Structures are given as structure tokens and as C-alpha cells.
Amino acid sequence: MSGMNDELLALSGLDDGWLDRRVFWDRDVYELELERIFARCWLFVAHESQLPKPGAFITTWMGEDNVLVVRRRDGSIGAYLNSCPHRGNRVCTAEVGTARGFVCNYHGWSFGLDGGLTGVHESAAFGREPGFDRSRLGLTPVAQLDTYKGLVFATFDPGAPPLRDYLGDFAFYLDVILDNDEGGTEFAGGSIKSVLGCNWKIAAENFAGDALHAGWTHASGAEAMLGRGVPDLGAEDAESYHVNANGHCWEFNLDGVGNAATLGDPRVMAYLRDHEKRFAERLGALRARMVGSISSVNVFPNFSFLPGQNTFRTWQPKGPHRTELHTWVLVNRNAPQDVKDAWRKGAMMTFSPSGVFEMDDGENWELATRSNAGVVTRKQRLYYGLGSGTAIEHPELPGNVHRGQINDANQRAFYRRWSQLLRARTWDEAAS
């Protein structure tokens, strides 16, 4: 932690509603994030539907480490560093596909679907080398890999808690989108990638809790898609919440279809209306009203989605001021094909690089990051004090619950978790 003072990492003003801007700009902070967040936390790496049969693979990122995720011959899923143990070159340059194995383009070392070394060029020369042991020269696997209702997560840290413990009470909320239908979910179509000139946390905290921006930033987009603006969300008696657990955050109201309506497709709306009773049977009446409502979610640290629009995305860090966005669309596997297509096309029209809402956000996030280049500007704290004193106990909602979705409670929870992990050398220290 040389070069950084502990006061910065402690975020000492956060409980009073203030955040130090240097967390968005400082290179040392970013390097520590790679070590203590992205090399430690459970990170989303795939949906099981992307790996339908043995040999199916995708490449993705865990921090700045490129990872190869593959369905093995026995049907299990493995994940390995996409780097040859000989000279370090990538063993797979494709982003998605199906293969019987992987071959490094540099010296021809080959690897099986289980990551083991299966062959080397000029094998006789290596065979004469007494210290050469193929069993020690496979691809480096992640420390742990597990799934939750179709989502595949991995961590580099063997000491990380089990995935179910990492999610904690937040699994109750994830079921709203992952388990509202007996057939489960799948990703529809491929992935869209784009690059934003912003710090990854600015995007993640937006999805964690920033309903405030919707009615202002997206006013013109809502007019285009709905023929009207976004309704005010901050009435004192509004039935809406910020909830969080272990730094995972979900802000929502209970209008049932507010996010889905922005897709502008009657087939999506009809599907949600027709399935309200089924959702309630699986989830209970309250969570059934969350399936398509005005809401946003971030699973700590960098996995976000919007229920209703069903856009799922990861904010991949590429430096303190650059983020690579990967986006997919999630649908219920049993949904009719025309409904799946409507969801996919609707998401592209709203939350894709050319979507009416995505461009609004990207410009704001880039400017919010870039303003911190100023050495004087960087010393000015940011206000995160909205919703202090809104914590409540709710008879049905677990975790930390706050009344009202116009709130900064989730953003403060996100940064408390960030601070805990950056200051702790181990998971035990982070938990203390």
C-alpha cells in the first residue's frame, strides 16, 4: 500500500455521506483493486448456456487476467489462465467456439479440455530433459469455480468463502430473475462489447443504486421509447427499496413492468402479464412484482443487470480510467422464441452502444471520471449522503433494507465493501 494513505482506503467520510474522488483516478488504488478485489472475489465468467456441450468455450477476463472457460469432456466446467506455461502466449485467441483442445501458436504446446499438457513440438528434446514433467505444465486453473442457477462464477483465491456464502442473503433476490420459471434461463444471442473512458466503479455503483439519474438523464430516451418521461420515483410513500448484502446491491420498486415497458414491445409485456401468477407461485407475491420493475442490480464487484430489460453486463477494468463493457441478454429458456427475439432486439435498442439509454450513461460516466484529472478538482469530495436514516426492518426482505429507491444507501454499501477488501490482507480480516 505504499503511496497510499490508509485514510483514503478507509473512506473515513463515507458514513457522513462523502467520498474521496481519488478512488476513481489513482493508479496505486487501481493496482490494489486488481490484487485484492479482482484476484480475490468471486467473478461472473459465463452462463452455462454459453457452454452447451463438451469442447464449448469462451474467453473472458478476471481483472486483467484473460481466462479460458470450457466445458470438459465429463460435462463439468473448467476455467484456466489463457496463457501458455512455456513462454506465456495465449493458447486461445478466439472469444467463443468449440474445440477438441487448445494449441499455443508460438511453439506448438497443446492442451486438453481439462487444461493438461498433451503435446509439445520437438518432444524428443524435452524427453531427454530430466526435469521435464508434463503433469506440472498444464494451464493454471482458477482456485474455485461454482455455479448459481445458470451463472458461472470463479475466483483465483483458494481462501475465498464458498460462492453461496459470498452471495449470502442476496441469493434471495437473484432468484427473482434466475428462478421465476421452472425451465431456468439462458443467454440469447451473442455478446456486445464496447469501451468506455471511465472508471469501472462509476458504472458499477450506477447499477447498484442510482435510480435518481433515470428521470433526468434518460428523459429524452423515455420520451422516444414510451412517449412520456420517467415518473418521479422519490415520493415519501413510494413502495420502493434499496437492499444490499455483502456489497451486492438491488434498488427497485414494485410496479412489476416499468423497466420492461421501455423495450416498447407488446410481446414482452404480454409475457410478463400472462406469467404473473406463475411468478408469484415460485417467488411469492412481493418478489413477483420485481421481475420487470424499475430497478437495477450490481453483484459485487462488477457484474450488473437490469431486470425487465434483462441486459446483463460486466465492467472489465482496463486501467483506472478505462472500462471494457461486455453485454448479454438473459431470457427464460421456456419463453416462446418470438418473445426471446423481442427481448434481444429491445435490449439492443435501449442498452447497447447504439441504444437510446446507454449513450446517455456513457457520456456522463466518462465526464465524471475525466474531471478528476484536475489536481484541484480531485481534492474535492463527492456527496453520497442521500437516504441516511432510511434503514428499516422488513418482514419479507433479507439483508440490509432501506426505504425508497431514490437513495445513496446501496452506493455507500458498495464502497464499504470495497474499502473492507482493499484494507484486508485475507478474507478473515475482511470479515472482522
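The values are calculated or read from the model by the stated rules, or taken from the named source; none is laboratory data. Because the structure is a prediction, the values reported are computed rather than measured. Positions of Cβ are generated from backbone atoms using ideal geometry, with glycine treated the same way; all protein chains shown enter the neighbour counts. Remember, those area values only see protein heavy atoms, side chains included, never the ligands or the DNA or RNA. Shrake-Rupley method; radii C 1.70, N 1.55, O 1.52, S 1.80 Å.
Values for this structure:
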quantity: Under 5 Å, built H, 5+ apart or other chain: amide partners of N66; calculated: N82
quantity: Separation of the R27 and N105 label points, Cα + 7 Å toward Cβ, nm; calculated: 2.9
quantity: Shape category assigned to the range 100-193 from the gyration tensor of Cα positions, a/c cut at 1.5; calculated: prolate
quantity: Value of relative contact order over the chain, rounded to a whole percent, pairs C-alpha under 8 Å and six or more apart; calculated: 21
quantity: Inter-part distance where the range 43-96 and the range 373-417 are each reduced to a Cα centre, Å; calculated: 36
quantity: The range 92-101 - phi-based ³J(HN,Hα) in whole Hz, Karplus 6.51/-1.76/1.60, Gly and Pro as x; calculated: 9, 9, 7, 8, 7, x, 9, 8, 8, x
quantity: Accessible surface of the range 169-430 [probe 1.4 Å, protein heavy atoms]: carbon and sulfur percent; calculated: 49
quantity: Separation in nanometres of the label points that stand 7 Å from Cα toward Cβ, at E95 and E363; calculated: 2.5
quantity: Estimated inter-spin distance, S12 and T426, nm [label 7 Å along Cα→Cβ]; calculated: 2.8
quantity: Efficiency of FRET from Cβ geometry, R72 and A235, R₀ 45 Å, rounded to 0.05; calculated: 0.30
quantity: Inter-centroid distance (Cα atoms) of the range 256-314 relative to the range 123-174, Å; calculated: 32
quantity: C-alpha long axis of helix 337-350 to longest principal axis of the chain, angle in °; calculated: 80
quantity: About the Cα centre, charge dipole magnitude for the range 43-146 (Lys/Arg +1, Asp/Glu -1 at Cβ), debye; calculated: 300
quantity: Spatially close lysines, pair count over the chain: Cα under 21 Å, gap of eight or more or interchain; calculated: 9
quantity: Three-way shape label, the range 275-396, alpha-carbon gyration tensor, a/c 1.5; calculated: oblate
quantity: Accessible area, probe 1.4 Å, largest first, for residues E205, E122, E276; calculated: E122, E276, E205
quantity: Within a Gaussian network of the chain (alpha carbon springs, distance under 10 Å), most fluctuating of R136, R90, R273; calculated: R136
quantity: Nearest-ten-degree value, helix 409-423 long axis tilted from longest Cα axis of the chain; calculated: 30
quantity: The range 43-146: C-alpha gyration tensor shape, a/c 1.5 cut-off, then a/b vs b/c; calculated: prolate
